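> Below is one structure. I have some questions about it.
The values are calculated or read from the model by the stated rules, or taken from the named source; none is laboratory data. From a predicted model like this one, the values you see are computed outputs, not experimental measurements. Cβ: placed from backbone, ideal geometry, glycine included. Neighbour counts: every protein chain shown. Please note that ligands, DNA and RNA were not included when accessible areas were found on the heavy atoms of the full protein model with its side chains. Shrake-Rupley method; radii C 1.70, N 1.55, O 1.52, S 1.80 Å.
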Amino acid sequence: MWKDGFIDLMELKLMMEKLGAPQTHLGLKNMIKEVDEDLDSKLSFREFLLIFRKAAAGELQEDSGLHALARLSEIDVSTEGVKGAKNFFEAKAQAINEASRFEEEIKAEQEEKKKQAEELKQRKAAFKELQSNFTQ
(Lines give C-alpha, C1' and ligand atoms only; values in the text may rest on other atoms or scores of the structure.)
Protein backbone atom coordinates (compact mmCIF):
# COMPACT_ATOMS: atom_id res chain seq x y z
CA MET A 1 0.00 0.00 0.00
CA TRP A 2 2.75 2.44 0.95
CA LYS A 3 5.28 0.89 -1.47
CA ASP A 4 8.08 1.01 1.10
CA GLY A 5 8.96 -2.68 0.67
CA PHE A 6 7.51 -3.67 4.04
CA ILE A 7 4.17 -4.98 5.32
CA ASP A 8 3.03 -3.07 8.39
CA LEU A 9 0.21 -3.94 10.78
CA MET A 10 -2.53 -2.20 8.76
CA GLU A 11 -1.36 -3.74 5.49
CA LEU A 12 -1.28 -7.18 7.11
CA LYS A 13 -4.79 -6.55 8.48
CA LEU A 14 -6.06 -5.64 5.01
CA MET A 15 -4.33 -8.64 3.43
CA MET A 16 -5.80 -11.07 5.97
CA GLU A 17 -9.28 -9.59 5.46
CA LYS A 18 -8.92 -9.91 1.67
CA LEU A 19 -7.86 -13.54 2.11
CA GLY A 20 -10.99 -14.18 4.16
CA ALA A 21 -9.16 -14.77 7.44
CA PRO A 22 -9.52 -11.55 9.46
CA GLN A 23 -7.46 -11.34 12.64
CA THR A 24 -7.73 -9.40 15.88
CA HIS A 25 -5.30 -6.56 16.54
CA LEU A 26 -3.43 -8.75 19.01
CA GLY A 27 -3.43 -11.64 16.55
CA LEU A 28 -1.88 -9.40 13.86
CA LYS A 29 0.79 -8.19 16.29
CA ASN A 30 1.60 -11.79 17.19
CA MET A 31 1.82 -12.73 13.51
CA ILE A 32 4.41 -10.03 12.89
CA LYS A 33 6.26 -10.82 16.12
CA GLU A 34 6.64 -14.49 15.15
CA VAL A 35 8.76 -13.73 12.05
CA ASP A 36 10.04 -10.19 12.77
CA GLU A 37 13.76 -10.92 12.91
CA ASP A 38 14.91 -7.29 13.13
CA LEU A 39 12.17 -6.28 15.62
CA ASP A 40 11.00 -3.29 13.56
CA SER A 41 7.30 -4.31 13.90
CA LYS A 42 6.87 -4.76 10.16
CA LEU A 43 7.64 -7.52 7.68
CA SER A 44 10.38 -7.33 5.11
CA PHE A 45 10.26 -9.55 2.03
CA ARG A 46 12.68 -11.96 3.71
CA GLU A 47 10.49 -12.14 6.83
CA PHE A 48 7.41 -12.64 4.66
CA LEU A 49 9.10 -15.60 2.96
CA LEU A 50 10.01 -16.94 6.40
CA ILE A 51 6.27 -17.49 7.01
CA PHE A 52 6.17 -20.01 4.17
CA ARG A 53 9.46 -21.61 5.19
CA LYS A 54 8.12 -22.14 8.72
CA ALA A 55 4.82 -23.47 7.32
CA ALA A 56 6.65 -25.96 5.11
CA ALA A 57 8.72 -27.10 8.10
CA GLY A 58 5.57 -27.50 10.23
CA GLU A 59 6.73 -24.83 12.67
CA LEU A 60 3.48 -22.84 12.71
CA GLN A 61 0.61 -23.56 15.10
CA GLU A 62 -2.48 -24.85 13.29
CA ASP A 63 -4.70 -22.09 14.71
CA SER A 64 -2.25 -19.21 14.15
CA GLY A 65 -2.81 -16.35 11.74
CA LEU A 66 0.48 -17.13 10.01
CA HIS A 67 -0.66 -20.70 9.38
CA ALA A 68 -3.89 -19.34 7.85
CA LEU A 69 -1.89 -16.91 5.70
CA ALA A 70 0.44 -19.64 4.48
CA ARG A 71 -2.46 -21.98 3.76
CA LEU A 72 -4.52 -19.35 1.92
CA SER A 73 -1.58 -18.17 -0.19
CA GLU A 74 -0.18 -21.60 -0.88
CA ILE A 75 1.28 -22.41 -4.26
CA ASP A 76 3.18 -25.53 -5.25
CA VAL A 77 6.36 -24.31 -6.93
CA SER A 78 7.19 -27.83 -8.12
CA THR A 79 3.92 -27.86 -10.08
CA GLU A 80 3.68 -24.21 -11.07
CA GLY A 81 7.38 -23.49 -11.46
CA VAL A 82 9.16 -20.43 -10.15
CA LYS A 83 7.63 -18.21 -12.84
CA GLY A 84 4.14 -19.45 -11.93
CA ALA A 85 4.80 -18.73 -8.27
CA LYS A 86 6.10 -15.27 -9.18
CA ASN A 87 2.96 -14.59 -11.24
CA PHE A 88 0.77 -15.86 -8.39
CA PHE A 89 2.29 -13.48 -5.84
CA GLU A 90 2.37 -10.58 -8.29
CA ALA A 91 -1.33 -11.13 -9.01
CA LYS A 92 -2.07 -11.18 -5.26
CA ALA A 93 -0.06 -7.97 -4.79
CA GLN A 94 -1.89 -6.35 -7.73
CA ALA A 95 -5.26 -7.31 -6.25
CA ILE A 96 -4.28 -5.80 -2.91
CA ASN A 97 -3.06 -2.62 -4.64
CA GLU A 98 -6.34 -2.32 -6.57
CA ALA A 99 -8.31 -2.79 -3.36
CA SER A 100 -6.25 -0.14 -1.58
CA ARG A 101 -6.72 2.22 -4.54
CA PHE A 102 -10.48 1.68 -4.21
CA GLU A 103 -10.25 2.40 -0.49
CA GLU A 104 -8.27 5.57 -1.21
CA GLU A 105 -11.02 6.71 -3.60
CA ILE A 106 -13.65 6.07 -0.92
CA LYS A 107 -11.60 8.02 1.64
CA ALA A 108 -11.16 10.90 -0.82
CA GLU A 109 -14.91 10.90 -1.47
CA GLN A 110 -15.62 10.94 2.28
CA GLU A 111 -13.16 13.80 2.77
CA GLU A 112 -14.85 15.75 -0.05
CA LYS A 113 -18.26 15.21 1.57
CA LYS A 114 -16.90 16.40 4.94
CA LYS A 115 -15.43 19.48 3.24
CA GLN A 116 -18.73 20.24 1.50
CA ALA A 117 -20.66 19.79 4.77
CA GLU A 118 -18.25 22.15 6.54
CA GLU A 119 -18.59 24.74 3.75
CA LEU A 120 -22.39 24.47 3.96
CA LYS A 121 -22.22 24.94 7.72
CA GLN A 122 -20.05 28.06 7.28
CA ARG A 123 -22.39 29.50 4.62
CA LYS A 124 -25.39 28.94 6.90
CA ALA A 125 -23.59 30.63 9.80
CA ALA A 126 -22.66 33.58 7.54
CA PHE A 127 -26.25 33.80 6.30
CA LYS A 128 -27.62 33.79 9.87
CA GLU A 129 -25.18 36.54 10.78
CA LEU A 130 -26.31 38.64 7.81
CA GLN A 131 -29.93 37.86 8.61
CA SER A 132 -29.47 39.05 12.19
CA ASN A 133 -28.21 42.40 10.86
CA PHE A 134 -31.52 42.92 9.02
CA THR A 135 -33.80 41.86 11.86
CA GLN A 136 -32.40 44.30 14.40
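> Any idea how many residues of the stretch 16-29 are within 14 Å of residue 71 (Cβ to Cβ) and open to solvent by less than 20 Å² (accessible area, probe 1.4 Å)? Quick ask: steps written out before the conclusion?
Let us first name the residues in the stretch 16-29 that are within 14 Å of residue 71 (Cβ to Cβ), namely 16, 19-21, 23.
Pick out the ones that are also open to solvent by less than 20 Å² (accessible area, probe 1.4 Å) and you get 16, 21.
Qualifying residue count, the stretch 16-29: 2.
> Might you let me know whether the stretch 33-46 holds any residue that is of a type in the set (Asp, Glu) and either within 17 Å of the chain's Cα centre (by Cα) or in the same structural domain as residue 104 (by the TED database) (or both)? Give the derivation first.
We begin by selecting, within the stretch 33-46, every residue of a type in the set (Asp, Glu); these are 34, 36-38, 40.
From what's left, either within 17 Å of the chain's Cα centre (by Cα) or in the same structural domain as residue 104 (by the TED database) (or both): none.
Checked the stretch 33-46: no residue is of a type in the set (Asp, Glu) and either within 17 Å of the chain's Cα centre (by Cα) or in the same structural domain as residue 104 (by the TED database) (or both).
> For the condition basic (Lys, Arg), surrounded by fewer than 16 Cβ atoms within 10 Å (Cβ to Cβ) and modelled with pLDDT under 85, what is the one hit in 33, 3, 92?
Details: 33 fails: modelled with pLDDT under 85; 92 fails: surrounded by fewer than 16 Cβ atoms within 10 Å (Cβ to Cβ).
Answer to the check: 3.
> Quickly run through the stretch 36-57 and pick out the residues that are surrounded by fewer than 16 Cβ atoms within 10 Å (Cβ to Cβ) and more than 15 Å from residue 71 (Cβ to Cβ).
As a first pass, look at the stretch 36-57 and keep what is surrounded by fewer than 16 Cβ atoms within 10 Å (Cβ to Cβ): 37-41, 45-46, 49, 53, 56-57.
The answer is 37, 38, 39, 40, 41, 45, 46, 49.
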